[in-house]
1. Any residue in segment 1-13 that is loosely packed, with under 12 Cβ neighbours inside 10 Å and assigned to a helix (DSSP H, G or I)?
2. May I ask you to verify whether residue 67 is surrounded by fewer than 17 Cβ atoms within 10 Å (Cβ to Cβ), in a helix (DSSP H, G or I) and on the phi < 0 side of the Ramachandran plot?
3. Return the residue satisfying two criteria in turn: it lies in segment 51-64 and is in a helix (DSSP H, G or I) and surrounded by 13 or more Cβ atoms within 10 Å (Cβ to Cβ), and of such residues it is farthest from the chain's Cα centre (by Cα).
């Protein structure tokens, strides 16, 4: 996972707790976490993530892939 540190910070979790197959619903996958992710990507990469795509996110790997796609566009 390329964005493990950003994800861990957004979820306010230890980086060792962020693993590809784990379900985001088992962690603080709430509106504040989503805002943290949006803000982090905007600040670091000057890109805007499509918040509507969060509905399809099930695992940390899904989230990592969405961040990667957002940054490349």
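Bear in mind that the values in this text are calculations on the coordinates, not laboratory data. All figures in this text were calculated on a predicted structure; none of them were measured in a lab. Please note: Cβ atoms are built from the backbone with ideal geometry, for glycine as well, and neighbour counts cover all protein chains shown.
1. Step one: filter segment 1-13 for residues loosely packed, with under 12 Cβ neighbours inside 10 Å, giving 2, 12.
Right, trim to assigned to a helix (DSSP H, G or I) and you get none.
Checking segment 1-13: not a single residue is loosely packed, with under 12 Cβ neighbours inside 10 Å and assigned to a helix (DSSP H, G or I).
2. Details: surrounded by fewer than 17 Cβ atoms within 10 Å (Cβ to Cβ): no; in a helix (DSSP H, G or I): yes; on the phi < 0 side of the Ramachandran plot: yes.
Considered against the rule, which asks whether it is surrounded by fewer than 17 Cβ atoms within 10 Å (Cβ to Cβ), in a helix (DSSP H, G or I) and on the phi < 0 side of the Ramachandran plot, residue 67 comes out as no.
3. At the first step, the residues of segment 51-64 found to be in a helix (DSSP H, G or I) are 51-56, 60-64.
Going one step further and asking which of them are surrounded by 13 or more Cβ atoms within 10 Å (Cβ to Cβ), we end up with 53-54, 60-64.
Values: 53: 11, 54: 9, 60: 7, 61: 9, 62: 8, 63: 5, 64: 6 Å.
Per the criteria, the residue is 53.
Conditions tested, residue by residue: (1) within 14 Å of residue 2 (Cα to Cα); (2) touching a helix residue (DSSP H, G or I) at 6+ places or on another chain (Cβ under 6 Å); (3) touching a residue at least 60 places away in the same chain (Cβ under 8 Å).
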| position | (1), (2), (3) |
| --- | --- |
| 20 | yes, yes, no |
| 23 | no, no, no |
| 36 | no, yes, no |
| 52 | no, no, no |
| 57 | no, yes, no |
| 65 | yes, no, no |
| 69 | yes, no, no |
